[in-house]
Amino acid sequence: MMRERLEALKTEALEKIEVASDMKSLQDVRVSYLGKKGPITEVLRGMGKLSAEERPKVGQLANEVRDEIKAHVEAKEAKLEQEAVEKQLAEESIDVTLPGRPTQVGTSHPLTDVVEELEDIFTGLGFSVAEGPEVEVDYYNFEALNLPKDHPARDMQDSFYFTEELLLRTHTSPVQARTMEQHEGKGPVKVICPGKVFRRDDDDATHSHQFMQIEGLYVDEKVRMSDLKGVLESFAKSFFGEDRSIRLRPSFFPFTEPSVEVDVSCGICNGEGCRICKQSGWIEVLGSGMVHPRVLEMSGFDPAKYSGFAFGMGVERLAMLKYDIDDIRHFYTNDVRFLKQFTRA
Ligand code: 2U9
């Protein structure tokens, strides 16, 4: 009787294990058959009623049934776990044949490209690169550059002032004045100073209240006007093309004497005269001159022993000439259709 009961329990349990489709129902089967209150324990408890001959045989059978159910539960557990892993792998698999999503790649700003090209050209001619503050004191921005107190550039209308003493620099010249001062009267000083400058202009196609300059300074014993001409001619050929030439026209700046404006031959008509150069054959690109003796003196150099030349140019203007850009505001409105046309080689 007990034997049949055990055999029936086994068949029943194995069937339930077979159909259990998740861990929860499998554990329920295990607890209900093998637990302390389960039918097998119950059979074992009732063995007292059996004869001494029957008892060990039924006890052995009960143990076998219990071990077999246990083994099936464990095998099913392993199977369910394996299936769960396979299901997860299938769900998380990546279709490597799908086309990739394109990523937007940025470009460097055209002004950055031009500044870096200019730095390469001038470092190739022996200049170092110097930088300085954009918020300047009156002394370095004006006084040390021989700009008299009544100079129009000092007017509140022309510069951005924080206080009477403090303003946004109107050119990068204060960087050269600071560099000279650091050299304590001993040459050579040979630097270029690229950077942002600020003027109270109304913005239009050729003016911006913020723009970029590169200025240069070379001070040493026996620096002459011919050095100025050689360096600037070499720059013009490197930047605009070997077929271009320069000419100097007399001009005036408070910080240089004599002063010149430098034109480059027109690359469109080769000096013949066209719309771009307004029929002159020449395009104005920068200002320059021999450093004023007062400027040398104020920054600690003896003008009897030292001389030098300086130059200044607007980076946007150079970029506009080189890349045929018709409006300075394109550099600052950051329209990607404009920006993405400039990708450094
Ligand atoms: C020191 C001594 C001399 C810098 C110079 C110019 C001529 C010049 C303009 C060009 C177009 C500014 O960007 S622009 O508007 N610059 O014409 N700049 S000489 O002379 C210096 C600078 C510093 C100590």
TODO: Report, in deg cm²/dmol and to the nearest 500, the calculated mean residue ellipticity at 222 nm for the chain, where each DSSP H run with n ≥ 4 adds -39500 (n - 2.57) and the sum is divided by the residue count.
DONE: -13000 deg cm²/dmol
Open item on the list: Give the aspartates and glutamates whose C-alpha is closer than 15 Å to that of Lys37, dropping any in the same chain fewer than 8 places away, or say none.
Closed with: Asp28
- [ ] For the stretch 192-235, with all protein chains present and a 1.4 Å probe, just round the carbon and sulfur fraction of the accessible area to a whole percent.
- [x] 41 percent
Open item on the list: Need one value: the accessible area of Met156 in square angstrom, 1.4 angstrom probe, rounded to the nearest 10.
Closed with: 110 Å²
Open item on the list: Restricting to Cα pairs below 8 Å that are 6+ residues apart, what does the relative contact order work out to for the stretch 2-91? Please round to a whole percent.
Closed with: 38 percent
Open item on the list: Cross-link candidates for Lys186: which lysines have Cα within less than 16 Å, leaving aside residues fewer than 8 places away along the same chain?
Closed with: Lys222, Lys305
Task: Theoretical gain in end-to-end length, Asp302 to Lys322 [0.36 nm per residue, Cα-Cα removed] - done: 3.3 nm
Task: Set Lys49/Lys76; Lys196/Lys340; Lys190/Lys237 screened for pairs whose C-alpha atoms are more than 30 Å apart - done: Lys49/Lys76
TODO: Rank these residues by their accessible area, most exposed first, probe 1.4 Å: Asp204, Asp243.
DONE: Asp243, Asp204
- [ ] Using a 1.4 Å probe over the heavy atoms of the protein chains, calculate the carbon and sulfur portion of the accessible area of the stretch 115-182 as a whole percent.
- [x] 51 percent
Task: Average accessible area per residue (Å²) across the chain - probe 1.4 Å, nucleic acids and ligands excluded - done: 58 Å²
- [ ] With the Cα gyration tensor of the stretch 2-91 in hand, convert its eigenvalues to equivalent ellipsoid semi-axes via √(5λ) and list them largest first in whole Å.
- [x] 33, 11, 9
Open item on the list: Please state the shape class of the chain: rounded when a/c is under 1.5, otherwise prolate if a/b exceeds b/c and oblate if not, all from the C-alpha gyration tensor.
Closed with: prolate
TODO: Mind giving me the FRET efficiency for Glu184 and Thr163? R0 is 35 Å, r the Cβ-Cβ distance, nearest 0.05 is fine.
DONE: 0.75
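The values are calculated or read from the model by the stated rules, or taken from the named source; none is laboratory data. Predicted model, so just to flag it, every value in this text is computed and none were measured. Neighbour counts run over all protein chains shown; Cβ positions are idealised from the backbone, glycine included. For accessibility, only protein heavy atoms count, side chains too; no ligands or nucleic acids. Shrake-Rupley method; radii C 1.70, N 1.55, O 1.52, S 1.80 Å.
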